[in-house]
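The numbers here are math on the coordinates, done by the rules we state, and not lab data. What you see is a predicted model, and the numbers here were worked out from it, not measured in a lab. Here the Cβ positions follow ideal geometry from the backbone for every residue, glycine too, while neighbour counts run over all protein chains shown.
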Amino acid sequence: MAPEIGALAPRADFPVLAANPGLHYLDSAATSQKPASVIRAIARYYETSNANPHRGAYKLAAAATEAYHEARGRIARFLGVTDADTLIFTRGTTEALNLIAAAWGRANVKRGDRIVVTRLEHHANFVPWQVLANETGAEFVIAELNADGTLDMDRLRSLVTPRTRVLAFGHVSNALGTVNPVHELVAVAHEVGALAVCDGAQSAPHLSVGIDSLGVDAYAFSGHKMLGPMGVGGLVMRRELLEAMPPYQMGGDMISYVGDATTTWNVLPHKFEAGTPNVEGPVGLAAACDYLTALGMEKVHQHEQALMRLASQRLAAIPGVTVLGPSPEARSGVVSFTLEGVHPHDLSQLLDADGVCVRAGHHCAQPLMRALNVHATTRASFYVYNGSADVEALVAGVESARRRMVG
Ligand code: PMP
């Protein structure tokens, strides 16, 4: 018997887990649970400092402005971003990627240009580029994968021609867990002067990303996948690009002066944050960053790796199970698998009866599912509050589903 792996973070820190003692939550790639410290930080903000920031001259409005500003600084520090004003708050990864495609894309991509994305992308880093290409007449090209679900870098290199304006790639695949070689991808993009856009939805929660040192031009992430609340995430983009590109949405706060005929824009980050901002989101997310810092991101990564390896090994030993994606060395804390003779939706419902929460479906990656020749997979994903007991519950559930459905 392998030694037991305890949870890295106490379950008691997470009210949902404390309220559901038998629950094996293995769907953190979809969204993470929230520690009490995050929930408390949000409540405290509303109890002590709530007002509309940037607008009021009174002390309470100044407190709200300060809470918002201070949260941006803490989140930027956690993500390794020196120039905090280049962190634009958005609703999450989806909005951040749409912002780039709409604001930077419309100003910089024209007919005959090329946009390259990878076969691994989540729809949020695929569809905005596909639509931009269709609207502008640019060519939309998909970089294919090796058989094991890693990027075929030789083919990708040959696709990124001097006409290429954008290379959009995920840091970590949500569907397979593939970890992509970001530095190499950035070098390929920059060799031809293309924008290197990184979808960090599945890396910011799990790795010490150090965005500045990645060298990417733009990085998008979601707070709710990294112990923070829903409805907040961000775009980090090079200052000169943000300053040169047009705004995404127009309205309050993002203007410098509104003339009768034309308007000038506010400085960063306000230029890209039109309207009343989500203040409690950044406040909660900053508390989540503090919680992860206290755990230590290197430990978080090692913990997930250990659980992923254990789950991969145990599941692969069940007859009829195929674990998809690259070998554990090239994979993050995600195990995507199929069980012959059992549809992933049926499997996830049977697992739910045992208190095991997993995701079944196409994982918002239909182009990838087509290439894998499957309609859907079952995906277990691990985080700080999981331990080997969760893996054992998953394995037992899959074994029992197989006995019931396959015989
Ligand atoms: N990209 C990846 C890789 C993701 O996993 C997700 C969330 N499933 C997204 C983008 C979209 O994130 P959100 O729904 O938080 O905007």
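Could you point to the residue in Leu372, Thr293, Pro269 farthest towards the positive end of segment 269-403's charge dipole, with +1 and -1 charges on the Cβ of Lys/Arg and Asp/Glu respectively?
Farthest along the dipole direction, towards plus: Leu372.
Is the shape of segment 290-407 rounded, prolate or oblate, going by the alpha carbon gyration tensor and its root eigenvalues a ≥ b ≥ c, with a/c under 1.5 for rounded and a/b larger than b/c for prolate? All intermediate terms of the calculation are to be shown ahead of the outcome.
Values: a/c = 1.90, a/b = 1.44, b/c = 1.32.
Cα axes put segment 290-407 in the prolate bin.
Under 1.5 on a/c is rounded, so check that first for segment 134-267, then, if it is not, pick prolate when a/b is larger than b/c and oblate when it is not; a ≥ b ≥ c are the square roots of the alpha carbon gyration tensor eigenvalues.
Here segment 134-267 falls in the oblate category.
Could you work out how much longer the chain between Tyr257 and Ala43 gets when fully extended? Use 0.36 nm per residue separation minus the Cα distance between them, nm to one decimal.
Stretched fully, the Tyr257-Ala43 segment lengthens by 73.5 nm.
Convex hull over the Cα atoms of segment 1-86, averaged projected area in nm²?
Computing the convex hull of the Cα atoms and averaging its projections yields 8.8 nm².
Cα centroid distance between segment 279-338 and segment 141-163, in Å?
Taking the Cα centre of each part, segment 279-338 and segment 141-163 sit 26 Å apart.
For Pro205, what is the net charge nearby, where nearby means another residue's Cβ is under 10 Å from its Cβ and Lys, Arg count +1, Asp, Glu -1?
For residues surrounding Pro205, the net value is 0.
So for the pair Met405, Leu241, with labels modelled 7 Å out along Cα→Cβ, what separation do we get in nm?
Between Met405 and Leu241, the label points sit 4.2 nm apart.
Counting only the backbone N, which residues of segment 359-375 are under 14 Å from the spot 7 Å out from the Cα of Glu144 toward its beta-carbon?
Only 368, 370-373 pass the distance filter.
For the chain, give the magnitude of the charge dipole about the Cα centre (Cβ charges: +1 Lys/Arg, -1 Asp/Glu; no others), in debye to the nearest 20.
That gives a dipole near 280 debye.
Given Leu339, Tyr58, Pro21, which one lies farthest toward the positive end of the charge dipole of the chain, if we put +1 on the Cβ of every Lys and Arg and -1 on the Cβ of every Asp and Glu?
The residue sitting most towards the positive pole is Leu339.
Using the Cα gyration tensor of segment 95-138, with a ≥ b ≥ c the square roots of its eigenvalues, what is the shape: rounded (a/c below 1.5), prolate (a/b larger than b/c) or oblate (neither)? Write out the running numbers ahead of the final one.
Working: a/c = 2.23, a/b = 1.27, b/c = 1.75.
Note, shape of segment 95-138 comes out oblate.
Toward the positive end of the charge dipole of the chain, about the Cα centre and with charges on Cβ (Lys, Arg +1; Asp, Glu -1), which of Ser327, Trp104, Val209 goes farthest?
Trp104
Quick one: give the max-minus-min coordinate of the C-alpha atoms of the chain along each principal axis, largest first, in Å.
Cα extents, longest axis first: 74, 54, 32 Å.
Using just the alpha carbons, could you tell me how many Å³ per residue the convex hull of segment 108-200 encloses?
Dividing the Cα hull volume of segment 108-200 by its residue count gives 81 Å³.
Which residues' amide hydrogens lie under 5 Å from the amide hydrogen of Thr164, considering only partners 5 or more residues apart or on another chain, with H built in the peptide plane?
The list, which skips near neighbours in sequence, is Arg114.
Starting from the Cα of Ser327, step 7 Å along the direction of its Cβ; do the same at Val374; then give the gap between the two resulting points in nm.
Each label point lies 7 Å from its Cα, and together they span 2.0 nm.
With N set to the residue count of segment 339-407, report its C-alpha Rg divided by 2.2 N^0.38 Å to two decimal places. Write down the numbers at each step before the final one.
Details: Rg = 12.7 Å, N = 69, 2.2 N^0.38 = 11.0 Å.
For segment 339-407, the normalised Cα radius of gyration comes out at 1.15.
At a Förster distance of 45 Å, what's the computed FRET efficiency of His69 paired with Thr161, Cβ-Cβ distance as r, to 0.05?
Details: r = 43 Å, r/R0 = 0.95.
Between His69 and Thr161 the formula returns 0.60.
Run the numbers on the chain and let me know its relative contact order in percent, using alpha-carbon pairs under 8 Å that are six or more apart.
The value is 23 percent.
I want to check the label-to-label distance for Gln313 and Ala396. Put each point 7 Å from Cα in the C-beta direction and report it in nm to one decimal.
2.0 nm
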